[in-house]
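Here's the structure, in structure tokens; my notes come after.
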Amino acid sequence: RKGNFAAAIQSIEANRTFFTNADQQFDALFTLAEAKAGLAAADPAKLQDAAIAYMRVVAHFNAKTDPRVVQAVYRTAEILEKLGQPAEAAGLYNQISADDRDKTLAAEAKKKAEQLKGAKPATK
């Protein structure tokens, strides 16, 4: 997860019209989400943007068997925890715990969901 995140984002956005098949689009969206998360640090707006980028991966490619789909949900849950939304994160962790595309991550998500059990939804 190391690298020049800004350059990765710029390259993907500049070349988005060249990603014509589903596998290329999947790779580009996942890489874009990873780069946005890498740049976010503790900035709430950037973290929110990264969470949206991860969920875009899920929204477009949830049917794929690729474990990165589950990783995208997991990373969204981690971001929600950082943003003070533990109940929302717990919901995503519960969803992951039932997903068999990444058994290790499913087990980890189950633990996280248990830790957050009873968390109240964030107030807006």
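Readers should treat all values here as calculations from the given coordinates under stated rules, not as data from a laboratory. Keep in mind that what you see is a predicted model, and the values were worked out from it rather than measured. Cβ sites come from the backbone with ideal geometry, for glycine too, and all protein chains shown count toward neighbours.
Calculated mean residue ellipticity at 222 nm for the chain: -23000 deg cm²/dmol, from DSSP H runs with n ≥ 4 weighted as -39500 (n - 2.57), summed, divided by the residue count and rounded to 500.
Between Ala107 and Leu83, how high is the FRET efficiency from 1/(1 + (r/R0)^6) when r is the Cβ-Cβ distance and R₀ = 35 Å? Nearest 0.05.
In this case the efficiency is close to 0.90.
Over 23 Å between Cα atoms: which of Lys46/Lys103; Lys46/Lys82; Lys46/Lys111; Lys64/Lys120 fall into that group? Violating the 23 Å limit, Cα to Cα: Lys46/Lys103; Lys46/Lys111; Lys64/Lys120.
What is the helix-to-structure angle for 103-115, meaning the angle in degrees between its Cα long axis and the longest Cα principal axis of the chain, kept from 0 to 90 and rounded to the nearest 10? Tilt of helix 103-115: around 40 degrees. Listed values for segment 11-18 are Karplus-derived 3J(HN,Hα) couplings in whole Hz (6.51 cos²θ - 1.76 cosθ + 1.60, θ = phi - 60°), namely 5, 5, 5, 6, 10, 4, 5, 8, and x replaces Gly and Pro.
Which value in Å is the Kirkwood Rh of segment 22-124 over different Cα pairs?
On the way: mean 1/r = 0.0733 Å⁻¹.
For segment 22-124, the Kirkwood estimate is 13.6 Å.
For the chain, modelled as a GNM whose springs connect Cα atoms under 10 angstrom apart, the maximal fluctuation among Ala50, Ala90, Ala40 occurs at Ala40.
So for segment 1-83, averaging the separation of alpha carbon pairs under 8 Å that are six or more residues apart and normalising by length, what relative contact order in percent results? Present the calculation step by step, with values, prior to reporting the outcome.
Numbers: 76 pairs, mean separation 21.4, N = 83.
Computed value for segment 1-83: 26 percent relative contact order.
So how tilted is helix 86-97 from the main axis of the chain? Cα-based, degrees 0 to 90, rounded to 10. Roughly 80 degrees between the two axes. Mind pulling the angle between the C-alpha long axis of helix 22-40 and the longest principal axis of the chain? Nearest 10 degrees, somewhere in 0 to 90. Orientation of helix 22-40: about 70 degrees from the principal axis.
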